[in-house]
């Protein structure tokens, strides 16, 4: 497993209130530590890259206050003074240096490790390769390039059974017909 130089830990969803607070979706299992008061986070773009050196605004922000809120967090950063400034942060990512993040537990992966992984069914049949990830309100969708075209699979159990990092393979158990590969779950008729 490769640890990237920077790891995404959150995504700003919208401004909240008039004091410059933001609603942040945590993209880490360690949200309490990543959004702790005094924590310094690196500023990213809406595509998840670090903010370029020539872009206006701060390159890093410091958590002034953070409170859990509806499955995410309301975060106030020292560098964002009011709602007008906060409105400019919608959909930006927040990152930390990769060295400051614990490695994923067994069977877990960093988002960046999913791209390029082989996908196979629990019986060993090849499905294809992960070519993209999409965040939707229900979670993460993986786009898989199959011999018949592109397919979308939700990245959650029971669909994704296991992430085998040693083999760079996702083991999946899709319902019959989802992948349009001729597997309808029906037995052949005689």
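Throughout, read-outs are computed from the coordinates displayed, never taken from laboratory work. Nothing here was measured: the structure is a model prediction, and the numbers come from that model. With ideal geometry, Cβ positions are generated from the backbone for all residues, glycine too; neighbour counts draw on all protein chains shown.
One Cα centroid belongs to the range 49-100, the other to the range 135-151; the line between them spans 28 Å.
The convex hull of the Cα atoms of the range 45-107, projected and averaged over all directions, covers 6.1 nm².
Here the simple spin-label model places points 7 Å from the Cα toward Cβ, and for residue 64 and residue 126 these points are separated by 5.5 nm. Can you give the calculated 222 nm mean residue ellipticity of the chain, where each DSSP H run of n ≥ 4 adds -39,500 (n - 2.57) and the sum is split over every residue, rounded to the nearest 500 deg cm²/dmol? Helix-only estimate at 222 nm: -1000 deg cm²/dmol.
For the pair residue 37 and residue 54, the difference between a 0.36 nm per residue extended length and the Cα-Cα distance amounts to 3.3 nm. The shape of the range 99-162 can be summarised by an equivalent ellipsoid whose semi-axes, obtained from the alpha carbon gyration tensor, come to 21, 14, 12 Å from longest to shortest.
Ordering 35, 69 from the fewest to the most neighbouring beta carbons within 10 Å gives 69, 35.
If you run the Gaussian network model on the chain, springs between alpha carbon atoms under 10 Å, then out of 57, 72, 98 the most flexible one is 57. Taken over the range 6-100, the convex hull of the Cα atoms encloses 83 Å³ per residue.
Ranked for footprinting exposure by Cβ neighbours inside 10 Å, fewest first, 134, 111, 155 give 134, 111, 155. Could you check the spin-label model distance between residue 105 and residue 91? Points 7 Å from the Cα along Cα→Cβ, value in nm. Label at residue 105, label at residue 91, 3.4 nm between them.
Could you tell me the calculated FRET efficiency between residue 19 and residue 150, based on Cβ-Cβ distance and R0 = 45 angstrom, to the nearest 0.05? That gives a FRET efficiency of 0.55.
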